[in-house]
Structure formats: C-alpha cells, structure tokens
C-alpha cells in the first residue's frame, strides 16, 4: 500500500487517508475516539518558563542524554505531563501526572557533566490550559437581561 493511502476492509479499494467512507462501496472507516482531555484543553508553545506558577500543567519532552562509548544515544530527560510545584534558577520542580513522583526539569543552559558525561540540555515544554468556551449568543443574553 502506498504511503498516504488506506484500504477498505470490505472491497479492498485504496483511497485517501482522511476519507470517512469508501468511495466504491460506501463502507464506513473506523476512527480512534479523541480523548476528553484533547477536546477540552489547548497547548501553548511560546511562553517563558520562568512565568510558570504552582499548579500549572505542562507537557515535557527532550532533555538530558548520554552517548555511550559505541555511539548509542540514550535519552535521560523527563517526559510526560507534569504539575508545576515550583521553580529554581536551573529549571522547574514538578510532580508527574501519570507515573507520579517529583522531577527536576532542566531548563538552564546546555552543559556537559565531566564526571558522568551526561549532556544536560534544556527540555522542550508546552503549557496545557483549558479551552475557553465562547458564548455565541452574547447579544441575545444582553437583551434578555435588560428586559428582566
């Protein structure tokens, strides 16, 4: 099967990856259900990590790594979703949402530890905030409030 195509289970016809049903036999494709969190939250990518406050939720990737003698890359950074507990001059102190446990998320300048040969690099973080629901009928609500 070529990249960017999917095959109908019923008739075997190849169609585009975003098709909801097969154009030949009208058989519907099954889609994964979106999680409630994905529907109710949004991600903020551009922000200063020093402005985080206790209770903020973040998603973390990247971070420290080790390169072994045979050249193997071994990631050693924190990954996953965390709740911020506090900040220090080198990073974020947070509590893991899924696995639990406290972590120090390195955000300072990159440096190499001479003793352990671990490369400390800043993690990539995304702030998770709830989506704001906008009331579409604002003008109608104002009229209703003014009459009562």
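Observations
- Ordering of 97-109, 81-93 by packing is 81-93, 97-109, highest average first (other Cβ atoms within 10 Å, averaged per residue).
- Among 43, 30, sorting on how many other beta-carbon atoms sit within 10 Å of each Cβ, with the fewest leading, yields 30, 43.
- Computed over the chain, the per-residue total of -39500 (n - 2.57) for DSSP H runs of n ≥ 4 gives a 222 nm mean residue ellipticity of -2500 deg cm²/dmol, rounded to 500.
- Ratio Rg/Rh, restricted to the chain and using Cα atoms, in which Rh is the Kirkwood radius: 1.18
- Candidates 58, 74, 128, ranked by Gaussian network fluctuation over the chain, Cα under 10 Å, top entry: 74
- Relative contact order computed over the chain (Cα-Cα under 8 Å; 6+ residues apart), in percent: 20
- Calculated FRET value between residue 85 and residue 45, using beta carbons and R₀ = 25 Å, to 0.05: 0.70
- Which of 22, 11 has the fewest Cβ neighbours within 10 Å, and the rest in rising order: 11, 22
Any read-out appearing in this document is the output of simple, stated calculations on the displayed coordinates, not a laboratory observation. Please read all numbers here as calculations on a predicted model, not as lab measurements. Note that each Cβ is placed from the backbone with ideal geometry, even for glycine, and that neighbours are counted across all protein chains shown.
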